[in-house]
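What follows is one structure encoded as structure tokens, with my remarks underneath.
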Amino acid sequence: MRIKLPPKNRNQGIYWVSTYLKYNLDKSPKPIKPKQPTKQELYRKHLYDLLDCFNLEEEHPDDITDYLNEINRVLSLKTITQKHIDKIHLIIGELVSKYK
């Protein structure tokens, strides 16, 4: 907000009223936007959904155990990138073709 210098004649109340209305009352409130989830939150949610597909109490073959360990390893990272997700999807493709 830029403040204008007042006119030299300080009795011009119209100027002050219009300035006040211009900067304070004429503005409508900004609508509140819903918070969009970050990519990290979306990646973590996707990985947790993949983990929920398996019962962790049961015994699984070694390659599926390696897959679950890879998901847990990626979840323990501070930053998850698209490369991590692509690697997990590649493993899923291999497991699907193997156990089809």
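The rows are residues; the columns are (1) of a type outside the set (Val, Ile, Thr); (2) over 21 Å from Gln40 (Cβ atoms).
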residue	(1), (2)
Asp62	yes, yes
Thr65	no, yes
Glu70	yes, no
Thr81	no, no
Ile85	no, no
* Structure fact -> Within segment 47-61, residues modelled with pLDDT of 90 or more and charged (D, E, K, R) come out as Asp49, Asp52
* From Leu21, Leu5, which residue is part of a loop (DSSP other than H, G, I, E, B) and modelled with pLDDT under 85? -> Leu5
* Asked: What pairs can you find where one residue is in segment 49-62 and within 19 Å of Val74 (Cα to Cα) and touching a residue at least 40 places away in the same chain (Cβ under 8 Å), the other is surrounded by 10 or more Cβ atoms within 10 Å (Cβ to Cβ) and among the basic types (Lys, Arg), and their Cβ atoms are less than 7 Å apart, with a gap of 6+ or different chains?
  -> none
* Those residues that are farther than 21 Å from Tyr99 by Cβ and within 17 Å of the chain's Cα centre (by Cα), I need them from segment 47-83; list them, please. => Tyr48, Leu75, Leu77, Lys78, Thr79, Ile80, Thr81, Gln82
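The values are calculated or read from the model by the stated rules, or taken from the named source; none is laboratory data. Source: prediction; values computed, not measured. Here the Cβ is made from the backbone with ideal geometry for all residues, glycine too, and neighbour counts use every protein chain on show.
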